[in-house]
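What follows is a single structure, written as structure tokens, with notes after it.
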Amino acid sequence: MPWQRKRQYSSSSSGFIIGGRRVLTNAHSVEHYTQVKLKKRGSDTKYLATVLAIGNECDIGMHAHTRLLYLF
């Protein structure tokens, strides 16, 4: 039924790499996350990431990944 809310299984968002193997994105992209994966555009390989911080006031989220160098 259209008024029943179904669980969202996946979503996507963009971000960009900043120093220290960190990725900056929008807070609403990771606000209710259970798992975050990063991938390079054009690649099917996904890497599990850790959410380091979420700033709802400024809508900024930050991730970290130990294998971030492999994205390039």
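The values are calculated or read from the model by the stated rules, or taken from the named source; none is laboratory data. What you see is a predicted model; the values in this text were computed from it and never measured. Cβ coordinates were reconstructed from backbone atoms using ideal geometry, including for glycine residues, and neighbour counts include every protein chain displayed.
Restricting the stretch 16-34 to residues that are surrounded by 10 or more Cβ atoms within 10 Å (Cβ to Cβ) and of a type outside the set (A, V, I, L, M), the residue that is farthest from the chain's Cα centre (by Cα) is ARG21. Listed residues SER13, SER43; which is in contact with a strand residue (DSSP E or B) (Cβ under 6 Å, 6 or more places away or on another chain), loosely packed, with under 12 Cβ neighbours inside 10 Å and modelled with pLDDT of 85 or more? Every option except SER13 fails the conditions. For the stretch 11-32, residues that are within 12 Å of VAL51 (Cα to Cα) and not in a loop (DSSP other than H, G, I, E, B) total 7.
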